[in-house]
Each structure stands twice: as C-alpha cells, then as structure tokens.
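Okay, structure first, notes after.
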Amino acid sequence: MSSSQMSLRVSCRLPLRTFGATLALALTLGACGKQGPPLPPLRSVPAPTQDLSVRQRGGQLLLEFTYPTATPGGQALGGISGVEVWEAARPVAVVAAGAEVAAVAPIAAETPKLEAPAAGTQGTATTETTAATTVAPAPVVEAGPAALDPREFTLASKKVMTLAAADIGAATLGEKVLLALPIGAAEAGAVVRHFQVRTVGPLGDRSEASNMTRIVPRKPPPPPVEIVATPRAAGIDLAWQPVEGALGYLVYRRDAAVKSYGKPLQAVVAPAAGASDATAQLGASYIYAVTTVAHRAPLVESAIQSEREVRYADRYPPPPISELVALAEQGQVRLIWTASEASDLAGYRIYRRLGDDLRRLNIEPVATTEFTDPSVASGRTYIYRVVAVDRSGNESEAREIPATTR
C-alpha cells in the first residue's frame, strides 16, 4: 500500500470517530433537555377502614372509625376529602332466649366494661376493648340474618350519607371520625342495619370498603335525671336517680370549653347510681353527663339529657408535713422535716411564737425541707410551726415543736 493510500485511510477514519462521539454527545445533551409526556399524579388512595363500629345513643346510631392517615402501601395520605356511608337493612326475628339460632354476634367496641362496685363505694369501672359483659343478658335474642355476605351487601346496600371535606373537621374528635344517623321508632327490634364506609383521598381516590358492622336499633331507655356533683379533695362525686331496668350507666366528662363528649369516663353497673371522678384536676371546669345502658354489645344507651357543670376550685388544704425536728445550735435554730405529699405543693411557711408573739419568718414559701432561724436570743424557748402551702394558697394543718436556744 502506498503512503498516499495510507494517508487517505487514516484521514477518513478520524472524522468517522469524531462524528460518532459528537453524535453520542448530542443525543445525551438532547435527552437531558427533552421533556417527555407528563406522568400521571401519584394516587392517594386511603387504606380501607378496619375498625368501623356502631352504637346507639338515644334516637341516633353513632358510627365511629379511625381517621385514615396512610395509603394501603403505608405512604402518608395527607388527609381525606370525603366519607361515604353505605347501608343494607334486613328484617330480624325475635325468639325466646336459649333457642338455637344464629344470633347477631356482639361487636367489640371500645367502651368501659361494666363492673360491680366494691363494698362501700358508689361505683367503679375500667376501660377496655371487649365484647363480653358482666351483667345478665337481655331476655330475648335477635335471631334474623347473621352478617351479610360482602357480595350480598354490595348488591343490597345504598349510600345513606356523604360527608364533604368541609364537614369532616366537625365530625373528627381526636383520632376518630364520629357520624350520626337517625333511627325511626318503627325500627326498634325490627331490622338489622349493616354498615360499611369508604373514605376519599385528597385527589378523589376512593378507598376499598371497610369492615362491616351491624346493630339492631332498640327503643332507647330513659336517661338518668337529677345528677348531683359534689367536689371533694379526692375528686368529684356524682350521684343520680336510678332508672328502672337499667343494666348500668355510662359517665361522660368534657372540659367546659369543649363542645362534645369523647369516650365514656366510667361505667357503673346497676343498681349503683353514683361514681367518683378521681382524675379531675383542681382549678379545671368540667361538664358531666350520665346515660342509661340498655344493651351492652353493641352498645345501646339513652340520649344525653341532663348535664352538670362543676368548677373544681382548689379550696382544700394540702397534706401536712411529718417528722419535724428542731436543732438548737449556737446562735440559731435549724428545722428539718419530711415533705408534704401534695401534688400541687408550692412550699412551706414557717412561723415562730414567743409568748403571745406569733410571726411568720419567711415571705416566700420555702422550697426545701429545711429552714434556719438565725434571729434568736440565747436562753429562750421558741415554738416553731411549719405548714405546707399549695399553689392556690391553702395551708395545711400545722406541725409545732419547741426549741430552747443556747
């Protein structure tokens, strides 16, 4: 091959390589700046509700479920824009108790468990999630259809409530959404009402159907009347007139500034007709209400009719100190004592008496359990008095001790 041919071949190869590199770079740069078709927005489907429950209060059915906060995949949801309530009703047969029928199964609900009061007390309760009851069963059993098959519910159900975004806030209490549906007088004991809910995400995506819950509406019992609230140092005592035939009572409490009640504070089994709220905080204002329980699971209670407002003012002295000791030292007296067990303790006030002269030695309450009095004369006998004081200025019973100076 001649030198001229070699030179021509090399000169041809170089531009091809350069062209290939240039083309690749151009494609790369073009891909970076090119905008493809818009991607669809990420779906915001709420995870289906799993804890829908229903109970009856007076002439209303109350549906409750946890406010959804995530998608089925666990991603944060960012709120919901709607709620749909679907219902299917079926007739129910009433038969004598003890008959072998497919009874409507009790549905667990997070309400206080009715318990018998301890001896010498008005009533007591513990809060737990349970479908059991400690009281005697009702004399009849609703026997009609058991829980509907989901396919049957889909065919028979209809939408009975739609909650828009603007109304969801008013229906939300804490982590729960609470919805109310009316019942008719003719429904009592005649139908089984089955419910499911669907929630709507912020972009309009509907969730799958929730768990199914059901209830047999009943004639509501009369509510208790003449509720009396008596503040005491250990809490607020409540009493009311008993209701004939009641299984028990639910006690509700809300802050005076709050418009609605949450979960029951306590449950009391009949025949007791009173309770004590040991969790009340001094200085707070509360409103109490009591309902009559006619059926335990699902819960059927009376309407809230009577309310009692209580301003729990702190007029109660704190517990006194104990083990007061006076140490007479050169030119001073040192006092040591065991602390008061007051939950709202502000400190201690120290008084000294010499003859008929009683004076307070400290302007501000002492925060510790020790105080030194350097303003004493030698050879005198002083009577020291130490009292606990709470943040409302109430003084405890005094503890006194003599001290003779050197």
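Quick note: the coordinates plus some simple rules give every number you see, no bench work behind them. Remember, it's a predicted structure, so these values are computed and weren't measured experimentally.
Structure data summary
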read-out: P(r) of segment 169-261 over all Cα-Cα pairs, binned every 10 Å from zero, in whole percent; value: 10, 26, 33, 21, 9, 1
read-out: Relative contact order (%) - segment 160-290, alpha-carbon pairs under 8 angstrom, separation at least six; value: 18
read-out: Shape call, segment 211-276: gyration tensor on alpha carbons, a/c limit 1.5; value: oblate
read-out: Gyration tensor (alpha-carbon) shape descriptor, segment 181-225, a/c threshold 1.5; value: prolate
